[in-house]
Amino acid sequence: MSNNNELAMVKKDTVDVVAEKVRHFQENGEIHFPANYSPENALKSAWLTLQETKDKNGKPVLQTCTRDSIANSLLNMVVQGLNPIKNQGYFIAFGQQLVFMRSYFGTMAVTKRVTGAKDIFAQVVYKGDDFEYEIVNGRKEITKHVQKIENVNGENILAAYCTIVFDGGRRYTEIMTMDEIRRAWDMSRTKAGKTHKEFPQEMAKKTVINRTCKIYLNSSDDSNLVIEHFNQTDESAQEAQIQEEIDENANQEMIDVDYTEVEDETDEISTHDEPEANEPPQEFQQTGTDGPGF
């Protein structure tokens with residue numbers, strides 16, 4: 001978008017409106033941000049990112065997406081305390097709807113902020129591993145996982161698990177079999193593609209981290225504004241994706257739309273360049289692998 005006046009109008013109708021909304025939340029005590037998080041800086045980063053973000057047809061999202069959807073995506077990002085410059089999420093266009101989709105970095109950040117968790121880590125279980133778990137009072141507990149280096153092979157993944165660690169040693173764990181992980185991939189926008197094939201271990205960890213954090217957060221009775229927007233982010237993505245599919249097939253054969261949960265797999269659909277064949281996705285390079293309408 002080259003017209004500076006038009007850009008200024010979009011900014012006024014989106015960024016400025018969201019900033020005012022967030023100030024209202026803060027003044028009413030409805031939201032408290034971590035000491036190291038600045039909503040103003042996050043919105044500035046997001047605005048710069050949006051000016052470079054294009055839809056799947058190569059057109060600027062600030063031209064093709066509705067201003068309401070742009071504003072809502074920014075609000076969902078800020079209320080969750082996330083920032084795109086930290087790779088905590090991406091802006092994705094589904095037709096005329098812009099959606100902020102968390103990366104697994106973002107999902108972990110929100111979970112730690114809301115629950116006070118000390119750590120979140122994931123591991124992969126390979127064929128040949130000595131792996132055992134128990135179910136105690138309805139909760140899974142990993143009791144043994146011994147792994148030999150010769151077992152580590154992307155073609156031999158049996159399962160993956162994620163554990164959220166709290167003060168005092170309390171833990172919350174979820175386990176997904178590889179069949180469950182593949183089904184989650186199949187429900188993603190791009191389905192299992194190049195990144196999944198080349199880095200199955202990392203993508204399996206990403207998927208189980210997302211699933212574990214979502215399940216734990218939504219098991220809380222807390223009507224937290226952050227959790228509300230955490231879920232709204234996922235719901236907006238699902239609704240926008242379904243509408244995009246309906247619009248694209250409007251003049252074609254009737255389609256059967258799957259309304260099941262769409263797993264957040266943004267690595268292949270972010271605005272960042274796709275990793276080279278031997279280069280891990282950007283999320284894995286940085287931290288290692290362990291681990292409102294207006």
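Values quoted throughout were computed directly from the atomic coordinates according to the rules given, and no laboratory measurement underlies them. Just so you know, these numbers come straight off a predicted model, no measurement behind them. Positions of Cβ are backbone-derived with ideal geometry, glycine not excepted, and every protein chain shown enters the neighbour counts.
Between the C-alpha center of region 150-213 and that of region 1-56 there is a gap of 33 Å.
Report the gain in length on full extension from residue 28 to residue 96: 0.36 nm times residue separation, minus Cα-Cα distance, nm rounded to one decimal.
21.2 nm
Each peptide in 16-25, 208-217 gets a packing score, the mean of other Cβ atoms within 10 Å over its residues, and the list from highest to lowest is 208-217, 16-25. When the Cα gyration tensor is reduced to axis lengths a ≥ b ≥ c, the ratio a/c is 1.5 or higher for region 4-114, and with a/b not above b/c it is classed as oblate.
When each of the peptides 48-60, 92-104 is scored by the mean number of other C-beta atoms lying within 10 Å of its residues, the order from highest to lowest reads 92-104, 48-60.
What do you get for Rg/Rh of region 54-210 when both radii come from the Cα atoms and Rh is the Kirkwood radius?
Details: Rg = 18.3 Å, Rh = 17.7 Å.
With Rh from the inverse mean 1/r over Cα pairs, Rg/Rh is 1.04.
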